[in-house]
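Let me begin by presenting the structure, written as structure tokens, before commenting on it.
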Amino acid sequence: MILITHDLAVVSKNTDRLLVMYAGKIVESGETMDVIRKPAHPYTDGLLKSIPRFFEDKARLNQIPGMVPSMFNLPKGCKFEPRCPNAKEICREQEPLIEAIGGGREIACFYPIGERN
């Protein structure tokens, strides 16, 4: 079964494997709980940090800065680059290919969380 949703709580309870997409491309994949517990792509991390936490008393939810690009005018290079806290020059010029990072995980990012920053 394929489940397409933005509801990560539903995903965490009903799937074994998770594919995270941004601008129509897979940016991270792996076993669901591995991705949720330790996201490697900055977009995945931003999604998880935006989930409301009932034990936190906050006036506003965390959000990913910037705007989603128009599918008719995608930026050159990594599509998440304009919103990415880890972006460097190569991200503006080249689109990263999805690569294995071990443990059945894959990521399309030149500067994954916790590596090469």
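For the chain, carbon and sulfur atoms together expose 56% of the accessible surface, with a 1.4 angstrom probe and every protein chain in place. The stretch between VAL10 and ILE101 holds 30.2 nm of extra length on full extension. This uses 0.36 nm per residue minus the Cα-Cα distance. The mean accessible area for residues of the chain, using a 1.4 Å probe and ignoring ligands and nucleic acids, is 70 Å² per residue.
Stretched out straight at 0.36 nm per residue, the stretch from ASP34 to ILE51 would grow longer than its current Cα-Cα span by 4.4 nm.
The Cβ shell under 12 Å around MET21 holds other residues with a net charge of +1, Lys and Arg each +1, Asp and Glu each -1.
Ligands, DNA and RNA excluded, the heavy atoms of ARG17 present near 120 Å² of accessible surface to a 1.4 Å solvent probe. Report the residue, chosen from MET71, MET33, MET21, that carries the largest GNM mean-square fluctuation when the chain is represented by alpha-carbon nodes joined by springs under 10 Å. In this elastic network of the chain, the residue with the biggest mean-square fluctuation among MET71, MET33, MET21 is MET71.
Ordered from highest to lowest accessible area with the whole protein assembly present and a 1.4 Å probe, ILE51, ILE4 read as ILE4, ILE51.
Note on GLU89 and LEU3: the model spin-label points, each 7 Å out from Cα along the C-beta direction, lie 4.4 nm apart.
The values are calculated or read from the model by the stated rules, or taken from the named source; none is laboratory data. Treat the numbers as computed from the prediction; the structure is a model and nothing was measured. Don't worry about glycine lacking a Cβ; one is built from the backbone with ideal geometry, like all the others, and counts go over all protein chains shown. Calculation scope for accessible area: heavy atoms of the full protein, side chains included, ligands and nucleic acids excluded. Shrake-Rupley method; radii C 1.70, N 1.55, O 1.52, S 1.80 Å.
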